[in-house]
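The values are calculated or read from the model by the stated rules, or taken from the named source; none is laboratory data. Computed from a predicted model, the values in this text were never measured in an experiment. In this analysis, Cβ positions are derived from the backbone assuming ideal geometry, glycine residues included, and neighbour counts consider all displayed protein chains. Note: accessible area is taken over every heavy atom of the protein model, side chains too, but ligands, DNA and RNA are not part of it. Shrake-Rupley method; radii C 1.70, N 1.55, O 1.52, S 1.80 Å.
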Amino acid sequence: MTNIETLAAKVTRLRAAAEKSTSPLAAAEAELAAAQEAENARQEARGKAYDARVYDERHQAAEDARKSADEPRERFARLISEQPWFQAWAEMRAARYRAWDISIEAQNAAVNAGEDYNAVPNVAIGEADLIGDLTSLADDRAREIATAEAQERRTARDAFIAGTD
């Protein structure tokens with residue numbers, strides 16, 4: 001037997017041995033894939049069952065919890081509306097809405113009368129943002145304070161320069 005024939009026979013034997021050992025591996029891999037698929041299906045079914053149970057138990061509880069804020073909100077609205085600062089803020093907001101309504105009415109009248117509606121001031125309401133309004137007012141007051149302090153420093157400097165300090 002030649003060297004090539006010997007090597008070919010060796011390859012044939014090894015191939016047969018490899019096929020014998022890969023056959024159980026392929027079967028085990030198929031079993032594993034089937035088991036994983038079955039486990040995924042089982043977990044999906046349990047997830048749906050859990051979610052259905054939670055829905056049954058909690059959808060009414062969620063509605064009750066939502067409604068539980070109604071009375072405290074009404075009480076808060078009543079108490080806050082009694083505060084003079086809140087009344088003034090609401091009046092300020094009402095003035096904005098009033099200006100907007102009048103502006104729209106004037107623009108509509110201008111269009112209906114064949115006039116240039118762009119001549120009517122366009123009023124923007126903006127969001128009713130209490131925190132934003134408070135911040136804006138605080139910023140205005142802070143600028144007033146800083147400007148007054150800066151003026152005091154300028155006055156002191158000018159007095160020093162003039163020798164009248």
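Observations, loosely collected:
- Carbon plus sulfur fraction of accessible area for segment 1-114, probe 1.4 Å, in percent: 59
- Residue-normalised accessible area of segment 19-91, expressed per residue, 1.4 Å probe, Å²: 86
- Take the Cα of GLU74, go 7 Å toward its beta carbon, and none of the backbone nitrogen atoms of segment 83-105 fall under 13 Å from that spot.
- Shape summary: segment 1-86 maps onto an equivalent ellipsoid whose semi-axes, from the alpha-carbon gyration tensor, are 77, 18, 4 Å in decreasing order.
- Placing a pseudo-label 7 Å from each Cα along the Cα-to-Cβ vector at ALA99 and ARG143 gives an inter-label distance of 1.6 nm.
- Spatially proximal lysines relative to LYS67 (Cα-Cα < 30 Å; intrachain offsets below 8 disregarded): LYS48
- Taking the C-alpha atoms of the chain, convex hull volume expressed per residue in Å³: 610
- Dipole axis of the chain (+1 Lys, Arg; -1 Asp, Glu on Cβ), positive-most option in ALA124, ALA65, PHE86: ALA65
- Candidate lysines for bridging to LYS20, where Cα separation is under 27 Å - those fewer than 8 sequence places away on the same chain excluded: LYS10
- With both labels modelled 7 Å from their Cα along Cα-to-Cβ, the ALA156 to GLU5 distance reads 11.5 nm.
- Two-site label geometry, LEU130 and ALA90: point separation in nm, points 7 Å out along Cα→Cβ: 1.1
- Relative to the dominant Cα principal axis of the chain, helix 84-112 is inclined by about 90°.
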